[in-house]
């Protein structure tokens with residue numbers, strides 16, 4: 001008998017694992033040109049504060065090599081290089097359209113000597129072991145078919161002493177606040193996606209994918225399982241988003 005396909009979730013839908021990557025790629029190909037604008041509108045600009053907090057905790061240093069997975073249009077890499085001008089960043093994403101949109105940003109031309117753009121799979125990174133000083137993934141790991149494998153790959157490509165940092169939407173510990181946030185997410189964000197990006201369905205998926213992602217403590221356990229030491233997290237805006245950090249010792 002043929003082995004049955006493993007299942008995973010695509011938002012609230014159950015799909016074959018082999019199909020999810022293509023479906024996610026379709027989402028981000030559809031919204032690539034409006035992705036940065038939608039981030040500002042959806043979060044009322046608060047995503048900028050979260051990313052600044054990420055950089056504060058990360059403390060980029062000159063001559064470090066950053067791998068920014070699910071790096072999309074380069075926002076995290078640009079921020080990293082702004083703080084460490086002699087560093088080097090590799091923007092890595094599964095969707096070529098997102099990378100192409102990033103290359104049109106003014107920062108990309110200014111920082112071209114310190115930037116690479118690579119398209120590929122977070123679960124099978126095309127880099128050698130012990131290649132990078134820092135690995136970041138911002139609002140992307142929930143879209144990976146098997147997040148544990150992505151974390152395992154992060155550990156593999158980091159050098160000893162390297163740093164992992166994950167910024168992702170999470171769960172609000174206060175049930176009443178979570179209820180209010182859910183009402184906003186499901187009733188406002190997809191129509192906003194229709195208005196700005198002409199794509200309500202993609203933003204419906206993105207909202208659903210947040211609800212399917214593990215809570216802070218569960219994900220912390222996954223970071224530790226990948227081998228990272230001194231793993232911890234910090235909630236952002238009451239837990240709407242969360243930063244997880246770990247070290248390859």
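The values are calculated or read from the model by the stated rules, or taken from the named source; none is laboratory data. Everything numeric in this text was worked out from a predicted model, so none of it was measured. Note that we place each Cβ from the backbone using ideal geometry, even for glycine, and neighbour counts take in every protein chain shown.
Structure data summary
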item: Any hit, segment 148-165, residues being touching a strand residue (DSSP E or B) at 6+ places or on another chain (Cβ under 6 Å) and modelled with pLDDT under 95; result: no
item: Count of segment 185-229 residues which are modelled with pLDDT of 90 or more, part of a loop (DSSP other than H, G, I, E, B) and more than 20 Å from the chain's Cα centre (by Cα); result: 0
item: Boolean, residue 204 is surrounded by fewer than 18 Cβ atoms within 10 Å (Cβ to Cβ), touching a residue at least 24 places away in the same chain (Cβ under 8 Å) and touching a helix residue (DSSP H, G or I) at 6+ places or on another chain (Cβ under 9 Å); result: no
item: Which listed residue is within 21 Å of residue 69 (Cα to Cα) and either in contact with a helix residue (DSSP H, G or I) (Cβ under 7 Å, 6 or more places away or on another chain) or without any contact (Cβ under 8 Å) to a residue 40 or more places away in the chain (or both), from 150, 180, 154; result: 150
item: Only listed residue being buried (at least 19 other Cβ atoms within 10 Å of the Cβ) and closer than 25 Å to residue 245 by Cβ, chosen from 101, 150, 108, 124; result: 150
item: Counted residues, segment 76-98 - those being within 25 Å of residue 146 (Cβ to Cβ) and surrounded by fewer than 24 Cβ atoms within 10 Å (Cβ to Cβ); result: 5
item: Total residues in segment 230-249, condition farther than 15 Å from residue 173 by Cβ and either within 15 Å of the chain's Cα centre (by Cα) or in a helix (DSSP H, G or I) (or both); result: 3
item: Some residue of segment 24-42 being touching a helix residue (DSSP H, G or I) at 6+ places or on another chain (Cβ under 8 Å), farther than 21 Å from residue 194 by Cα and surrounded by fewer than 21 Cβ atoms within 10 Å (Cβ to Cβ); result: no
item: Strands (runs of 3 or more DSSP E) wholly inside segment 1-88 containing at least 3 residues that are modelled with pLDDT of 90 or more and closer than 25 Å to residue 246 by Cβ; result: 65-69
item: Any hit, segment 115-124, residues being assigned to a helix (DSSP H, G or I), within 18 Å of the chain's Cα centre (by Cα), touching a residue at least 12 places away in the same chain (Cβ under 8 Å) and under 17 Å from residue 219 (Cβ atoms); result: no
item: Residue 173 being more than 21 Å from residue 140 (Cα to Cα), free of Cβ contacts under 8 Å to residues at least 24 places away in the same chain and touching a helix residue (DSSP H, G or I) at 6+ places or on another chain (Cβ under 7 Å); result: no
item: Test: residue in segment 158-168 that is touching a residue at least 60 places away in the same chain (Cβ under 8 Å), assigned to a loop (DSSP other than H, G, I, E, B) and within 30 Å of residue 130 (Cβ to Cβ); result: no
item: Qualifying residue in segment 44-56 (condition: under 24 Å from residue 153 (Cα atoms) and touching a residue at least 60 places away in the same chain (Cβ under 8 Å)); result: yes
item: Checklist (1) over 16 Å from residue 39 (Cα atoms); (2) surrounded by 14 or more Cβ atoms within 10 Å (Cβ to Cβ) applied to residue 187, failing item; result: (2)
item: Residues (in contact with a helix residue (DSSP H, G or I) (Cβ under 6 Å, 6 or more places away or on another chain) and either closer than 17 Å to residue 60 by Cα or buried (at least 22 other Cβ atoms within 10 Å of the Cβ) (or both)) located in segment 129-140; result: 131, 132, 135, 136, 138
